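Computed from the coordinates by the stated procedures, all read-outs in this text should not be read as laboratory data. None of these values were measured; they are calculated from a predicted model. Neighbour counts run over all protein chains shown; Cβ positions are idealised from the backbone, glycine included.
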Amino acid sequence: MKQIIYDIRQCTGCGACSQICPKGAVTMEADEEGFLFPKIDQQRCNDCGICRRTCPVNIAFENTRSIAVDEDGSAKFVTGEASVVPPLDGKRAFACYSEDDDTREKSSSGGIFTELARRTLEDGGVVFGAAFDGEFNVKHRYIESIGDLDDLRRSKYVQSETGEAFREAEKHLKNGRKVLFCGTPCQIAGLKAFLGKEYADLTACDLACFGVPSPKVWRMYLDYMKDRHDSAISSISFRDKSGGWRVPRMNIVFSNGSRYLVKLNNEIYAMGYFKNLFTRKSCFDCRFKLHNSHADLTLADFWGVEKLGRQAVGDDDRGISLVIIHSEAGENALAALSDRAETVEYALEDAIRYNPRLTSSLPEPAARARFFADMKKGFDFDRLRRKYMDNTSIKYRLKCIIKKMLGRA
Ligand SMILES: Cc1cc2nc3c(=O)[nH]c(=O)nc-3n(C[C@H](O)[C@H](O)[C@H](O)COP(=O)(O)OP(=O)(O)OC[C@H]3O[C@@H](n4cnc5c(N)ncnc54)[C@H](O)[C@@H]3O)c2cc1C
């Protein structure tokens, strides 16, 4: 096998190709930017093609009739008129939040992931999600007890490594256990393609996704922070709610007792993320937005709920989740929370109005290429920060003023 995905720029790094390979011929390896891509061991590969058929991106392009076959028989992706965007018919939207104050406080939005997980664990099931490892790398793993739930809770704005998670989920499903699997939309598409069939015991849950940042840049940031505070890190939250849900803060606690608590809007790593400086390339043309979600439910922050002209229950700035239901399994999963979560239905078009990342990707900014070129030249995080992320610098402010004067702000 020479090539798994028809256009490597569209690879999401979900790892389905690597996990499906019966010969262990496909491994996931980081490129210069720090994102995982499949690498084929030609000695082991017997050219069976299962990796190519399992790639969720290949499947997505085939389904939208966006694959062109050249005269020599090789295939490539085409975008534009040939792409067919399926309608959003049949999906339902709910504003939801956990009735447990502690759960809501500790979660990114309304704590619905925690309630879904708790229900699954009470039924003897297993829950998959993204957790920090001992070095604060982000990896998918599963838990079997409520005591471990906090490891999976809250958004980590770094691309998570799926590792062997799809295989492990399949093993549990084959053993008749309930599985809740939560991940980015491309990871859920990868899981479904890997499984290749429906399982009644699986609840697949994806997230509204702004895009996934580079694990390598994340490591550089962590080293910079440890250096600055002259200490190891003991905990990290990207979504501290001490200033309210609408003004989330990065909260890093260091082993020496110091704390870094900064609003995401002014936080250096978050500013780079929001400018898409180190987002994965495939996120700029995501194929798994709401129209093509493979999940049973999609979780998001219910941004804009206060503008919808009705008194939203629980809108006290402690977090409201937007839950979008795609299937009967999703409907049943939400109904099973009736004793622990407040739920109000909204018209789908209203619910998604203020959350554009549910339905569309952002364009790739020109600065991304410059950022990674500088990184390859050996710029350390501090230098990258000063050049690209510091919105308090005189250069940045001048740029904003000029942009405003030119009417481009
Ligand atoms: C990279 C990323 C981008 C996001 N972008 C948006 C956005 O633009 N708009 C929006 O409304 N919401 C976005 N979200 C989702 C939002 O932040 C909340 O996670 C969601 O509303 C669920 O909140 P909760 O309170 O129910 O659960 P939480 O307790 O916050 O649970 C979050 C769930 O997400 C999983 N998770 C955390 N980090 C990752 C990761 N890196 N990769 C895969 N899974 C992960 C956890 O395992 C857990 O299952 C994003 C999340 C991530 C991870």
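With r defined as the distance between the Cβ atoms of Lys39 and Glu164 and R0 fixed at 22 Å, what FRET efficiency is calculated, to the nearest 0.05?
Numbers: r = 17 Å, r/R0 = 0.76.
Rounded to the nearest 0.05, the efficiency is 0.85.
Could you give the DSSP H helices of the chain that reach 20 angstrom or more along their long axis (alpha carbon positions) and whose average Kyte-Doolittle hydropathy is no lower than -1.0?
Taking the DSSP H segments of the chain (at least 20 Å long, mean hydropathy at least -1.0), we get none.
In deg cm²/dmol and to the nearest 500, what is the mean residue ellipticity at 222 nm of the chain if only DSSP H runs of at least 4 residues count, each as -39500 (n - 2.57), divided by the residue total?
-8000 deg cm²/dmol
Once label points are set 7 Å from the Cα along Cα→Cβ at both Ser338 and Glu135, what is their separation, rounded to one decimal in nm?
A separation of 4.9 nm, rounded to one decimal place.
Pulled fully out, how much extra length does the chain show between Arg92 and Lys377, if you take 0.36 nm times their separation in residues and subtract their Cα-Cα distance?
Between Arg92 and Lys377, full extension yields 97.8 nm more.
If you bin the C-alpha pair distances of the range 87-409 every 10 Å from 0, what whole percents do you get?
6, 25, 34, 24, 10, 1, 0
Enumerate the calculated ³J(HN,Hα) couplings along the range 298-305 in order (Karplus 6.51 cos²θ - 1.76 cosθ + 1.60, θ = phi - 60°), each rounded to whole Hz, writing x wherever the residue is Gly or Pro.
Values per residue, Gly and Pro as x: 10, 9, 8, 6, 8, 5, x, 4 Hz.
Using the structure shown, select from Lys106/Lys178; Lys156/Lys241; Lys106/Lys156; Lys171/Lys192; Lys139/Lys216 the pairs with a Cα to Cα distance greater than 18 angstrom.
Numbers: Lys106/Lys178 25 Å; Lys156/Lys241 15 Å; Lys106/Lys156 13 Å; Lys171/Lys192 14 Å; Lys139/Lys216 14 Å.
Beyond 18 Å: Lys106/Lys178.
Obtain the nm distance between the two label points defined at Thr359 and Asn46 by a simple spin-label model: each point lies 7 Å from its Cα along the Cα-to-C-beta direction.
4.8 nm
Taking every DSSP beta bridge with both residues inside the chain, roughly what % is antiparallel (nearest 5)?
75 percent
Can you give the log10 of the normalised intensity I(q)/I(0) at q = 0.20, 0.32 Å⁻¹, computed with Debye over equal Cα scatterers of the range 168-210?
So the normalised log intensities are -0.58, -1.23.
Quick one: grab the alpha carbon gyration tensor of the range 132-192, order the square roots of its eigenvalues as a ≥ b ≥ c, and give me rounded if a/c is under 1.5, else prolate or oblate depending on whether a/b is larger than b/c.
oblate
Compute the FRET efficiency between Val78 and Leu398 as 1/(1 + (r/R0)^6), taking r as their Cβ-Cβ distance and R0 = 35 Å, and round to the nearest 0.05.
0.25
Placing +1 at every Lys and Arg Cβ and -1 at every Asp and Glu Cβ, with all other atoms neutral, what dipole size does the range 115-197 have around its Cα centre, in debye to the nearest 20?
Its charge dipole is roughly 380 debye.
Running a GNM on the chain with Cα contacts under 10 Å, which residue among Leu121, Leu308, Leu334 ends up with the highest mean-square fluctuation?
So, out of Leu121, Leu308, Leu334, the one fluctuating most is Leu308.
Under 18 Å from a point 7 Å along the Cα-to-Cβ line of Thr27: which residues of the range 151-167 have their amide N that close?
Label zone hits: 161-165.
Name the aspartates and glutamates eligible as straight-distance cross-link partners of Lys376: C-alpha to C-alpha under 15 Å, and not fewer than 8 places from it in the same chain.
Asp31, Glu32, Glu33
With +1 assigned to the C-beta of every Lys and Arg and -1 to the C-beta of every Asp and Glu, and no other charges, what is the dipole magnitude of the chain about the Cα centre in debye, to the nearest 20?
Working: 62 positive and 58 negative charges, 365 e Å.
The dipole magnitude comes to about 1760 debye.
So who's got an amide H within less than 5 Å of the one on Ile233, skipping anything under 5 residues away but keeping other chains? H placed 1.01 Å off N, in plane.
Result for Ile233 returns Ser255.
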